[in-house]
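Inspection log for the structure reproduced underneath, given as structure tokens.
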Amino acid sequence: MKKRILISILLFAILIINGCKTAPVKKEKDYNRALLPSEKALVKITDPREIPDFTNAFKNPFLLEEAVNNSLNYMSKPSSETFFPICGISHEQVKKSLKSFKEILNSKMTPEQKNQLVRDRFDIYTSIGCDNRGTVLFTGYYTPIFNGSLKKSERFKYPLYKQPSDLVKDDKGNILGRKAKDGTLSKYPSRAELQRSNILDGNELLWLEDPFEVYIAHVQGSAKIRLPDNKLITVGYAATNGYEYKSISSNLANRGMIPIKKMSLSAMIKFFKANPNQVEKYTNSNPRFVFFRITKTDPTGSLNEPVIPMRSIATDKTIFPRASICFIDTKVPRKIGSMIDILPYQGFVLDQDTGGAIRAAGRCDIYVGQGDDAGIIAGKTYQEGRLYYLIAK
């Protein structure tokens, strides 16, 4: 999940369009609209009537302090200072905001009193969204669990790769290219070029049993792997080849493989199970390729801190202040028994990840957890809402 990771899904509202069926989203909106040169992604709310009520969010603090601590841990690293200021917000402001919010969270005050204290102590900023009116499209991503092996076999023969030594990044993690023996840099090969060459031979990290599961891991940016001895290990994002993410769903629909109205992760899995020889053909239309590493922790985001279900979000880190305490107001799928319903949701989250398709003020990805159920929820997360940042005065 790391750098998106964390990689949007992000399943999968991007890779997957099925969530649109439940979403009252206007198709003509350009959620990926880039900012104009003079625009900032965040604007401070000056009318108190436009500040949301945080009372109910304080009534459900589950895992919130843990998420805040992860952001504080990241902000304590000297390397985090290189990404500030952004949107006019300094590194020190974000640190101060996290500490102040943690004090409020741990106080003995009522949710109503905490709500008022936030309004007193913090300036509230809102994303301008895709339309300068604050409209943000919320999607979901998750950590899949696949069977795999550290050794290649007849069953496990589809590799995930570690970062090759010739791939060069700068100190902010941006991909600079492929370094030749003479020291010159060139653009790293695309997915299709890597798949049909032997460039990555020797960089295999582990093997999976299904070629499309490899692709899902690429889209999610991380995965849990169940080894033959039932031990679970985590693989996380290490790097990409530097290309932008491109969804394969439209390609499948345009070629009549899966009707657009029936497009979903489960539909894709079913199609590629029946047509394994078609996986490379379609996945190669996405030039982005992800490299992995084995981690000792649960899945991490682009801050190299653990991501927490419904507490970690992925945004465009080139325009938003990373690690910040945020508040989202949208709708999310909830599984009730065997049914899934789309219900209103307001809650505090931490901006701790990035996504390959999350590249605008009008996009936000919510991390929803691990496993098949989380995958279903992620695939159905596709709703408009508002995204706020809390910055201490």
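Points worth noting:
- Pairs where the first residue, in the range 128-156, is charged (D, E, K, R) and the second is at pLDDT 95 or above, C-beta under 6 Å, 6+ apart: Lys152/Trp207; Arg155/Glu209
- Per the listing Gly183, Gly173, Gly140, the residue uniquely closer than 20 Å to Val219 by Cα and part of a loop (DSSP other than H, G, I, E, B) is Gly173.
- Test: residue in the range 323-334 that is at pLDDT below 95, farther than 25 Å from Ser97 by Cβ and not in a strand (DSSP E or B): no
- For Met263, the criteria (1) modelled with pLDDT of 95 or more; (2) touching a Ser or Thr at 6+ places or on another chain (Cβ under 8 Å); (3) more than 24 Å from Glu193 (Cα to Cα) hold in every case but one, which is (1).
- Scanning the range 97-147 for residues that are over 23 Å from the mean Cα position of the chain (by Cα) and of a type in the set (A, V, I, L, M, F, W, C) yields Phe101, Ile104, Leu105, Met109, Leu117, Val118, Phe122, Ile124.
- Taking each residue of the range 175-197 that is over 15 Å from Tyr282 (Cα atoms) and looking for partners that are surrounded by fewer than 10 Cβ atoms within 10 Å (Cβ to Cβ) and at pLDDT below 95 with beta-carbon atoms closer than 7 Å, six or more apart or interchain, yields Leu176/Asp170.
- Taken over the range 345-393, residues that are of a type in the set (A, V, I, L, M) and either in a loop (DSSP other than H, G, I, E, B) or on the phi > 0 side of the Ramachandran plot (or both) amount to 4.
- Which listed residue is touching a strand residue (DSSP E or B) at 6+ places or on another chain (Cβ under 7 Å) and over 25 Å from Ala217 (Cβ atoms), from Ile328, Ile358: Ile328
- Among the residues of the range 192-227, the ones that are farther than 11 Å from Pro144 by Cα, part of a helix (DSSP H, G or I) and of a type in the set (Gly, Ala, Ser) come to 1 in all.
- Here Thr234 meets the list (1) in contact with a Leu (Cβ under 9 Å, 6 or more places away or on another chain); (2) assigned to a strand (DSSP E or B) almost entirely, failing just condition (1).
- Filtered residues of the range 160-178 (kept if under 21 Å from the mean Cα position of the chain (by Cα) and surrounded by 13 or more Cβ atoms within 10 Å (Cβ to Cβ)): Leu160, Tyr161, Lys162, Gln163, Lys169, Gly173, Ile175
The values are calculated or read from the model by the stated rules, or taken from the named source; none is laboratory data. Only a predicted model underlies this, so the values are computations on that prediction, with no experimental measurement involved. Every residue, glycine among them, receives a Cβ derived from its backbone with ideal geometry; neighbour counts consider all protein chains shown.
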